[in-house]
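Here's the structure we're looking at; comments come further down.
The values are calculated or read from the model by the stated rules, or taken from the named source; none is laboratory data. These figures come from a predicted structure and were not determined experimentally. Glycine also receives a Cβ, built like all others from the backbone with ideal geometry; neighbour counts cover every protein chain displayed. Please note that ligands, DNA and RNA were not included when accessible areas were found on the heavy atoms of the full protein model with its side chains. Shrake-Rupley method; radii C 1.70, N 1.55, O 1.52, S 1.80 Å.
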Amino acid sequence: MGRAFEYRKARKLKRWGNMARVFTKLGKEITIAAKAGGGDPDTNPRLRALVATAKKENMPKDNVDRAIKKALSKDFTDYKEVNFEGYGPHGIAIFVETATDNNTRTVANIRSYFNKFGGNLGTQGSLEFMFEHKCVFHIAKKDGMNLEDLELELIDFGVDELFEEEDEVIIYGEFAQNTAIQKYLEENGYEITTSEFVRIPSDTKTLPADQMESVNKLIERIEEDEDVQNVFHNMAEPEE
């Protein structure tokens with residue numbers, strides 16, 4: 001098992017917070033996907049995968065339909081996806097992904113969180129090299145599935161790791177190969193239950209408990225912001 005597996009273990013219990021937070025995040029992603037590729041899941045692969053994720057997360061169909069309709073409204077100008085990068089306390093690298101309809105507000109808020117909690121917001125692109133951008137697919141297990149054979153098939157599509165977890169198989173691949181991987185899975189009869197994009201740190205930094213607490217306070221405050229979609233960092237998780 002590689003780093004993706006360790007990353008998965010660390011984040012398993014740290015999903016997207018409470019249910020309302022999950023729905024807000026997914027709703028924005030659905031709206032962005034529908035705006036970019038149209039509101040029909042049958043012809044929009046990214047939207048199709050997100051609708052499946054919404055179903056697994058028990059997001060009401062009305063919420064999904066509303067997010068798609070919002071994207072198609074003539075009055076909607078779209079969310080702008082903006083990344084923020086900086087250092088938290090004790091030199092921990094933090095990468096923040098946002099989706100905002102008011103960039104001025106979002107910039108001011110993110111900067112204030114870093115300043116208040118002992119961090120320092122950097123310039124865009126300054127820390128991106130420290131994280132590997134990956135796509136992740138969760139697929140339902142099939143009878144007779146052979147993981148080694150599947151992995152060999154998917155290597156040519158940019159997949160670098162897959163593993164079993166409970167009743168599903170989790171696949172990590174190159175971000176740029178997201179569409180190709182999804183197409184292969186769908187054409188070969190695999191049920192995609194969830195898909196997402198993640199940033200996995202190339203190296204992690206271990207901190208004592210008191211220092212970890214101060215970093216977590218900053219991360220938690222950032223995650224509470226309504227414009228924030230994801231927060232990634234290179235702080236090592238505590239040993240169990």
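For the chain, carbon and sulfur atoms together expose 48% of the accessible surface, with a 1.4 angstrom probe and every protein chain in place. Candidates Q182, H233, P89 compared by Cα position along the dipole of the chain: farthest toward the positive end lies P89, with charges placed on Cβ. Computed about its Cα centre, the charge dipole of the stretch 36-122 is approximately 160 debye, with only Lys, Arg, Asp and Glu carrying charge at their Cβ. If R0 equals 35 Å, the separation of the Cβ atoms of N83 and N146 corresponds to a calculated FRET efficiency of about 0.35. In the chain, the DSSP-assigned H stretches of four residues or longer account for a calculated mean residue ellipticity at 222 nm of -13000 deg cm²/dmol, using -39500 (n - 2.57) per stretch and the full residue count as denominator. Assuming a ≥ b ≥ c are the square roots of the Cα gyration tensor eigenvalues, decide whether the stretch 112-240 counts as rounded (a/c under 1.5), prolate (otherwise, with a/b larger than b/c) or oblate. Prolate shape, in that a/c is at least 1.5 and a/b is the bigger ratio. Pull out a ≥ b ≥ c, the square roots of the eigenvalues of the alpha-carbon gyration tensor of the stretch 36-128, then state rounded if a/c is under 1.5, prolate if not and a/b is larger than b/c, and oblate in the remaining case. The shape class here is prolate. Charge tally around Y79: other residues with Cβ under 11 Å, Lys/Arg +1 each, Asp/Glu -1 each, net -1.
The shape of the chain comes out oblate: with a ≥ b ≥ c from the C-alpha gyration tensor, a/c is at least 1.5 while a/b does not beat b/c. Once the Cα-Cα distance is subtracted from the 0.36 nm per residue extended length, the R105 to E191 segment shows a gain of 27.0 nm. The dipole here belongs to the stretch 113-170: it is taken about the Cα centre, uses +1 on the Cβ of Lys and Arg and -1 on the Cβ of Asp and Glu, and is about 700 debye.
The length gained by stretching the chain between E237 and N115 to full extension, at 0.36 nm per residue less their Cα-Cα distance, is 41.6 nm.
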